[in-house]
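Read the figures in this text as sums done on the coordinates, not as results from a lab. This one's a predicted model, so the numbers in the text were calculated from it and none came from an experiment. With ideal geometry, Cβ positions are generated from the backbone for all residues, glycine too; neighbour counts draw on all protein chains shown.
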Amino acid sequence: MLPKTVQDQCDDTCNGTSNIDVLKDQLINDQTVNGLAEVFKALGDPTRLKIIHTLLNKELCVHDIVQILGMGQSAVSHQLRYLRNLRIVKRRKVGKTVYYSLDDEHIEQIFVQMLQHVKHN
C-alpha cells in the first residue's frame, strides 16, 4: 500500500463536510453503475470509436464501414454486434443489406463532448 500524502488525508480534527448518509442514499445502484461501466468499456476501444465517428453524420451499410476503416467484414461485424448489444448503435435491414446508425443523440453527445475535450489545448 502506498503511503498517503498530506493532500490525501483529512486533518485529525476533520469531522467531514457533508451529510454522508444523504450522499450514500444518492449513490447510483449497482445495476446502473455496471451498465455505465460497460458503455465506457465499449468506448475505450479505438476501433469502436472509429465506427462511432464514422456513423456520427450518416447511416451506413456494413460494406461502407468496412471500406472506410480498411478492415475485414468479420471484424467490423463483430464490433457492430458488440455496440448494438449495448444499444450504442442500431441497425436497419433493407433486403440483405444492413444499415447502421447511432442509437440515439446521447451517444453522439458523449462522443462529441469527449472529442472536444481531447482536442482542447
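Nothing charged except the Cβ atoms of Lys and Arg (+1) and of Asp and Glu (-1): what's the magnitude of the dipole of the chain about its Cα centre? Round to the nearest 20 debye.
Once rounded to the nearest 20, the dipole reads 1020 debye.
Select one label from (i) 95; (ii) 86; (iii) 203: the one whose number is volume of the Cα convex hull per residue in Å³ as derived from the coordinates shown.
(iii)
In nm, to one decimal, how far is the modelled label at Arg92 from the one at Ser77, with both set 7 Å along Cα→Cβ?
According to this spin-label approximation, the distance is 2.2 nm.
In the chain, which cysteines lack any other cysteine Cβ under 4.7 Å from their own?
Those would be Cys61, since no other cysteine Cβ in the chain comes under 4.7 Å of theirs.
Cut-off 10 angstrom, C-alpha nodes, Gaussian network model of the chain. Which of Leu80, Leu60, Leu102 fluctuates the most?
Of Leu80, Leu60, Leu102, the Gaussian network model singles out Leu60 as fluctuating most.
Of Lys41/Lys96; Lys58/Lys90; Lys50/Lys96; Lys41/Lys93, which ones are farther than 22 Å apart at the Cα?
Lys41/Lys96; Lys50/Lys96; Lys41/Lys93
Calculate the spin-label point distance for Asp64 paired with Asn15, positioning each point 7 Å from the Cα along the beta-carbon direction, and give it in nanometres.
Once both label points are built, they end up 6.4 nm from each other.
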